[in-house]
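Trainee: Dumping the structure here so I can ask a few things about it.
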Amino acid sequence: MSVLSAKLGLRRRGWFALWAAPLPVWFALFFLGPMLLLIAMSFWSVQNYRLTPDFSLSAWTYVLSLDFLWSTFWRSYGLSLLSAVLVSLLAFPASYAMAFLISPARRLTFLGLALAPFFTSYLVRIYSLQVFLGEGGVLPQLFHSVGLSGASLLNSYTALFLGHATLTLPVVLVLQTLALGNVDRTEMSAAVNLGARPLQVLRHIILPAARPGLTLGVLFAFLLSYAEFVSATYLGGGVFQTLPILLTDLIRGGQQWPRAAVVSLLMMAVLLLTSLVTVAWAYRQKGN
Amino acid sequence: MNTHLKHALPAWVWFTGLMLVFVILYAPIQSALVFSFSADRFPSLDITRFSTKWYAQVFADARVLEALKNSLTIALSTALVATTLGFAAPYADFRFRFFGQRMVLALALLPPTVPIVVLSLAMLAFFSRVGLSGTVGAIIVAHVVVATPFAMAICRLRLEQLPQEYETAAQNLGATPGQALRLIVLPHAAPAIGAAALITFAVSLDEYAIAWFVGGLEQTVPVTVLNTLQGQVDPTIHVIGTLAFAATLSLVFAAQLLLLRSTKSHKNKEVSP
């Protein structure tokens, strides 16, 4: 009897493990493993062009003492923050239209259409932009035909911004539309009945209520732009040296992986800090 | 509800904003389609002649076909494994109470927050240590990590709509755990599982950074595109782009339809009795 129930218990446990174990095991091996290796590797040394396990601070002191690292760091941060704010402003009227001017049934279709490009070849869309903006491309040609300069628009912040927008608009649009869609309509009507003008409703009811979602939109746009190297390379054209470009160069360049690991960890730390501060601000209670 | 609400700006302003973002999102996609049929080497507004010669060139290019084979192998394997993991974990979470339950979910949601360049370096270092760098298998393993969170989010949302008592009721009536899963949970979750497979397939098909770093000489389609970006103007990119857009957009729209229809039928069921 006890043997049977023990067998049953074992079977139940096996059934449970069959479902509960695969993901944690896979992620521990192939996600936590590599990430921990990255931390360890930042303390390794390069001897005779060979990566050698070690406990050395040489990569840290080398990277942290580079002047251009810090200028690159702040440039990266500033550019992606600027793009995040501008993309959010660009997306806001569209999200407002989807949340308030379009019927809920159609809203889902629009949201689907807005999100779909997020999953489609980002590289080819950047190539299209390159062709659009480059010398003799569609936009310079159009500008030329109306009497403006027909010079290439590449290697400018405008080009970089369009690249960032290409990447982040879908996510920002979805987050903003969901945030605006959840604003309490009765509160809005109440404000109107009490004599609030439309602009007051927007400022005092809609924006505060949607603040968490709108802030998350800025945050995600920032995270994605900050980590991105394709637009910065092929649209910004090296005018904007950013941390991810520096990182790709370090990795592809050869054996300086400990230094690359240090830059990676710096990036992660900054992202983590920025996310924590932003989320805390987004969900802070009114009146604090 | 909306009719009596006055907006801070006239409706056309908001709608212009809506149109603008859709132009920014879809113009690059549309231009790839148009230029893929242009006979000119340099893409410009005045297209002299239309032709399908770039398509012929792409399909005759052994390098592209090899990359396509790699891409499909990787995407198919990724979809299979990521969907399995992405269903198993939320199912365990839904069905059982266990220690560390919340930690598993948090762990699975971490990869998307890691910058892809950083993740690529970590993967490259890891796979070089274990001697698997430069293999298709390594790309698959890494893509599973990137794609699983999407599958998990989709499956979890769907499982949350299933009352937990259904499965226990079935087991009280004598069904084995396996039967309860097969007869109650799987039919309910099927649309989400399908959608998860489509989305993870699309995510893998599009991923370029990890494939570039880890793949070595084994190129995928996005990696060949990345290599072309670094070089001269190449009209075949428009062809590859058009095909990629067609493939991924259909996958994503199919997934959205699956999810949309399943939530609708779910709502109807709730209303009818």
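The values are calculated or read from the model by the stated rules, or taken from the named source; none is laboratory data. Not measured: the values here are computed from a predicted model. Here the Cβ is made from the backbone with ideal geometry for all residues, glycine too, and neighbour counts use every protein chain on show.
Trainee: When the range B:215-258 is examined, which residues are found to be surrounded by 23 or more Cβ atoms within 10 Å (Cβ to Cβ) and not in a helix (DSSP H, G or I)?
Mentor: Matches in the range B:215-258: B:Thr220 only.
Trainee: From the list A:Arg13, A:Arg75, exactly one residue is more than 27 Å from A:Leu178 (Cα to Cα), more than 14 Å from every other protein chain (Cβ to nearest Cβ) and not small (Gly, Ala, Ser). Which is it?
Mentor: A:Arg75
Trainee: When the range B:42-71 is examined, which residues are found to be in contact with an Asp or Glu (Cβ under 9 Å, 6 or more places away or on another chain) and either within 24 Å of A:Ser145 (Cα to Cα) or not in a helix (DSSP H, G or I) (or both)?
Mentor: Listed by number, the residues that qualify are B:Asp46, B:Ile47, B:Thr48, B:Arg49.
Trainee: Let me spell it out: the conditions are (1) surrounded by 15 or more Cβ atoms within 10 Å (Cβ to Cβ); (2) within 11 Å of chain A (Cβ to nearest Cβ), and B:Ala67 meets all of them except one. Which number is the exception?
Mentor: The single condition B:Ala67 does not satisfy is (2).
Trainee: Right, next: Mind checking which residues of the range A:25-77 are of a type in the set (Phe, Trp, Tyr) and either under 22 Å from B:Met123 (Cα atoms) or in contact with a helix residue (DSSP H, G or I) (Cβ under 8 Å, 6 or more places away or on another chain) (or both)?
Mentor: Residues satisfying the conditions are A:Trp26, A:Phe27, A:Phe30, A:Phe31, A:Phe43, A:Trp44, A:Tyr49, A:Phe55, A:Trp60, A:Tyr62, A:Phe73, A:Tyr77.
Trainee: Among what's in the range B:121-143 and is touching a residue at least 12 places away in the same chain (Cβ under 8 Å) and of a type in the set (Gly, Ala, Ser), pick the residue that is nearest to B:Val81 (Cα to Cα).
Mentor: Filtering first and then ranking leaves B:Ala142.
Trainee: Specify which of the listed residues (A:Val262, A:Val277, A:Val270) is modelled with pLDDT of 90 or more and crowded, with 17+ Cβ neighbours inside 10 Å.
Mentor: Every option except A:Val262 fails the conditions.
Trainee: If you don't mind, another one. Output the residues belonging to the range B:89-110 that are under 20 Å from the mean Cα position of the chain (by Cα), buried (at least 19 other Cβ atoms within 10 Å of the Cβ) and either at the interface with chain A (Cβ under 7 Å from one of its Cβ atoms) or modelled with pLDDT under 90 (or both).
Mentor: B:Ala89, B:Ala108
Trainee: Let me ask another. Which numbered condition trips up B:Ala27, out of (1) more than 18 Å from B:Thr242 (Cα to Cα); (2) part of a helix (DSSP H, G or I); (3) at pLDDT below 95?
Mentor: It is condition (1) that B:Ala27 fails.
Trainee: Regarding A:Gln176, is this residue within 9 Å of chain B (Cβ to nearest Cβ), crowded, with 20+ Cβ neighbours inside 10 Å, touching a Phe, Trp or Tyr at 6+ places or on another chain (Cβ under 8 Å) and touching a residue at least 40 places away in the same chain (Cβ under 8 Å)?
Mentor: Spelling it out, it is not the case that A:Gln176 is within 9 Å of chain B (Cβ to nearest Cβ), crowded, with 20+ Cβ neighbours inside 10 Å, touching a Phe, Trp or Tyr at 6+ places or on another chain (Cβ under 8 Å) and touching a residue at least 40 places away in the same chain (Cβ under 8 Å).
Trainee: Ok, one more. For residues in the range B:33-56 being away from chain A (no Cβ under 13 Å), touching a helix residue (DSSP H, G or I) at 6+ places or on another chain (Cβ under 7 Å) and surrounded by 14 or more Cβ atoms within 10 Å (Cβ to Cβ), which is modelled with the highest pLDDT?
Mentor: B:Tyr55
Trainee: Here's a follow-up. So which of A:Phe220, A:Phe161, A:Phe132 is under 30 Å from B:Ala75 (Cβ atoms), more than 7 Å from chain B (Cβ to nearest Cβ) and out of contact with any strand residue (DSSP E or B) (no Cβ under 7 Å at 6 or more places or on another chain)? Before you say what the answer is, go through the steps one by one.
Mentor: Numbers: A:Phe161 fails: under 30 Å from B:Ala75 (Cβ atoms); A:Phe132 fails: more than 7 Å from chain B (Cβ to nearest Cβ).
Matching residue, one of A:Phe220, A:Phe161, A:Phe132: A:Phe220.
Trainee: Still on this structure, I have one more. What pairs come out if I take residues in the range B:164-187 that are in contact (Cβ under 8 Å) with a residue 24 or more places away in the chain and pair them with residues that are small (Gly, Ala, Ser) whose C-beta lies under 6 Å away, six or more apart or interchain?
Mentor: B:Glu167/B:Ala180
Trainee: Is it true that A:Ser45 is hydroxyl-bearing (Ser, Thr, Tyr) and either more than 11 Å from chain B (Cβ to nearest Cβ) or touching a strand residue (DSSP E or B) at 6+ places or on another chain (Cβ under 6 Å) (or both)?
Mentor: yes
To keep it simple, each residue is scored yes or no on (1) within 10 Å of chain A (Cβ to nearest Cβ); (2) among the small types (Gly, Ala, Ser); (3) within 13 Å of the chain's Cα centre (by Cα).
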{"position": "B:Arg158", "(1), (2), (3)": "no, no, no"}
{"position": "B:Ala180", "(1), (2), (3)": "no, yes, no"}
{"position": "B:Gly216", "(1), (2), (3)": "no, yes, no"}
{"position": "B:Val221", "(1), (2), (3)": "yes, no, no"}
{"position": "B:Gln230", "(1), (2), (3)": "yes, no, no"}
{"position": "B:Val233", "(1), (2), (3)": "yes, no, no"}
{"position": "B:Ile237", "(1), (2), (3)": "yes, no, no"}
{"position": "B:Ala254", "(1), (2), (3)": "no, yes, yes"}
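Trainee: Let me ask something else about it. Check the range A:167-174 and report whether any residue there is under 20 Å from A:Ile245 (Cβ atoms) and at pLDDT below 90.
Mentor: No, the range A:167-174 contains no residue that is under 20 Å from A:Ile245 (Cβ atoms) and at pLDDT below 90.
Trainee: Right, something else. For the range A:1-56, how many residues meet the condition of being without any contact (Cβ under 8 Å) to a residue 60 or more places away in the chain and touching an Asp or Glu at 6+ places or on another chain (Cβ under 7 Å)?
Mentor: Total satisfying the criteria: 0.
Trainee: Surrounded by 12 or more Cβ atoms within 10 Å (Cβ to Cβ) and in a helix (DSSP H, G or I): does that describe A:Leu8?
Mentor: Against the criterion (surrounded by 12 or more Cβ atoms within 10 Å (Cβ to Cβ) and in a helix (DSSP H, G or I)), A:Leu8 does not qualify.
Trainee: Cβ-Cβ below 8 Å, separation at least six or inter-chain, first residue in the range B:239-251 and farther than 15 Å from B:Val203 by Cβ, second among the hydroxyl-bearing types (Ser, Thr, Tyr) and part of a helix (DSSP H, G or I): which pairs?
Mentor: B:Val239/B:Ser36; B:Val239/B:Tyr55; B:Ile240/B:Thr224; B:Gly241/A:Tyr127; B:Gly241/A:Ser128; B:Gly241/B:Ser36; B:Thr242/B:Ser36
Trainee: For the list (1) within 14 Å of chain A (Cβ to nearest Cβ); (2) exposed (fewer than 13 other Cβ atoms within 10 Å of the Cβ), I need the number of the one condition that B:Ala60 fails.
Mentor: Tallying (1) within 14 Å of chain A (Cβ to nearest Cβ); (2) exposed (fewer than 13 other Cβ atoms within 10 Å of the Cβ), B:Ala60 fails exactly one: (1).
Trainee: At least 3 residues that are more than 23 Å from the chain's Cα centre (by Cα) and over 30 Å from A:Ser71 (Cα atoms) in each: list the helices (runs of 4 or more DSSP H) lying fully within the range A:175-288 that qualify. Show your work before the answer.
Mentor: Numbers: elements: A:185-193, A:198-201, A:207-226, A:230-234, A:243-253, A:257-282.
Result: A:185-193, A:198-201.
Trainee: Right, A:Gly33: at the interface with chain B (Cβ under 10 Å from one of its Cβ atoms), part of a helix (DSSP H, G or I) and not hydrophobic (A, V, I, L, M, F, W, C) or not? Step through it out loud before you land on a result.
Mentor: Details: at the interface with chain B (Cβ under 10 Å from one of its Cβ atoms): yes; part of a helix (DSSP H, G or I): yes; not hydrophobic (A, V, I, L, M, F, W, C): yes.
Answer is yes for this residue.
Trainee: Does A:Leu108 satisfy being within 7 Å of chain B (Cβ to nearest Cβ) and part of a helix (DSSP H, G or I)?
Mentor: Here the answer is yes, as A:Leu108 does meet what is asked.
Trainee: Would you be able to say whether some residue in the range A:219-229 is farther than 23 Å from A:Leu129 by Cα and either surrounded by 22 or more Cβ atoms within 10 Å (Cβ to Cβ) or modelled with pLDDT of 90 or more (or both)?
Mentor: Residues of the range A:219-229 that are farther than 23 Å from A:Leu129 by Cα, as a first pass: A:219.
Then drop every residue that is not either surrounded by 22 or more Cβ atoms within 10 Å (Cβ to Cβ) or modelled with pLDDT of 90 or more (or both), which leaves A:219.
Yes, the range A:219-229 contains a residue that is farther than 23 Å from A:Leu129 by Cα and either surrounded by 22 or more Cβ atoms within 10 Å (Cβ to Cβ) or modelled with pLDDT of 90 or more (or both).
Trainee: Would you check if there is a residue in the range A:143-157 being of a type outside the set (D, E, K, R), crowded, with 21+ Cβ neighbours inside 10 Å and in a helix (DSSP H, G or I)?
Mentor: no
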